[in-house]
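Below is one structure, written out as structure tokens; the observations come after it.
The values are calculated or read from the model by the stated rules, or taken from the named source; none is laboratory data. Only a predicted model underlies this, so the values are computations on that prediction, with no experimental measurement involved. Glycine also receives a Cβ, built like all others from the backbone with ideal geometry; neighbour counts cover every protein chain displayed. Ligands, DNA and RNA are stripped out before the accessible areas are found, and what is left, the full protein with its side chains, is counted by its heavy atoms. Shrake-Rupley method; radii C 1.70, N 1.55, O 1.52, S 1.80 Å.
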Amino acid sequence: AASYVRLEPDFPLLAMASEVLKRNAAFAFGLLLLSIVVCLWVFSSVLTQNLYVGYDKPTALTTLCTSTASIFLLPKCFRTIGRCPPREDAAGSIEAPSAKLVLLISANWFLCQWTFNLSLEHTAISTNTLLSSTSVMWAYLFGIAMGTNRLSLLGTACVASALTGVTITVLGGDQVVDPNAPANTPVGEALALGSAVAYGVFSNALASRVRPEQMNQVWGWVGMLAVGIGGLLMLFGHLAGLERMEVPTTKDLGIMLLNGFLGTSISDYIWARGLLLTSPVVATVALNMTIPVSFVVDAVILRQHALSWTAPLGAVLVFFGVLAGAVEETRQQAEREAAASATGCADTCGDVAMAGHGVGRPEARCPAPPAPV
């Protein structure tokens, strides 16, 4: 009679294999989300430049787009209307951030977005994306100045590579193919760099002064205060003749709202989810794919500019500079967490993973907003 050998399934091995498959699937889904954000941020910049053809109001655009962040106050409003007590963490009730801190952060963020939108009017999409992506470098430098980062060999390489890439790109120039396309100007390049610098200040202030559980309130008030800050700037611009107030057409208003939600609120939320499913370094590298994507959109798809050899070289240097900065930031953060764990101290400050905001947003883009509750 034939004998049969019964094979017992190795349940621990199957469970391990299943866990690996889940992690790989989550990682792949995270990459998909980050890829969607890259497309959204590039699309947002193209949308902004097209909007300026008929409605050249960067201050109004910034005000409307930034104000969409006020949706993060809705959960608190619903709890207040429903008379539900606020959620509490392990340490007790959530402490509200100070009004002064919220005002300073809101003004800084508005400045970051405003200078970026202004720069889109005076730079090519590719150049704008590249210059704005240096925000990681500026965040690293301001972190050193504030004492939250340490100067290192890899960090020095980040700064040197990014600055060299920016210099080559700015001095190299390009040829305008489409006469209606924005051309690179010193003013536009200075605004794009200024936006990156403002983001460097913003990200460090957010990471060192705002706790994770306060993010919903802070981000919501950033949107609310944007209405007041933008309103004052629009009034000043109207009186000075710099930007006349005009009611946008239905089409222009639709484009602005679409840009505000897709290019800012929704894309930032998707970016936050993608980062959680991957890692800060992967998120930074993936989102800085906006650099080559914007070059392809500018020179190949839209055919607005014929890029010289200096532009791709500068883009490569900036890309690797950003990568070096992300790796160094992750390494130093791991050291801080290990030190805090060894001493039994919990880190109460929420770190913001720093990605170039140049497109969008963005890219571009900007730091991740809190997840809607």
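Observations
- Filtering the range 45-55 to residues that are within 10 Å of Ile255 (Cα to Cα) and open to solvent by 10 Å² or more (accessible area, probe 1.4 Å) leaves Leu47, Asn50.
- Taking the numbered list (1) surrounded by fewer than 18 Cβ atoms within 10 Å (Cβ to Cβ); (2) modelled with pLDDT of 85 or more; (3) farther than 27 Å from Ala99 by Cβ; (4) not small (Gly, Ala, Ser) in turn, Met256 passes all entries but (1).
- If the condition is being open to solvent by 90 Å² or more (accessible area, probe 1.4 Å) and modelled with pLDDT under 85, then the range 20-44 contributes Leu21, Lys22, Arg23, Asn24.
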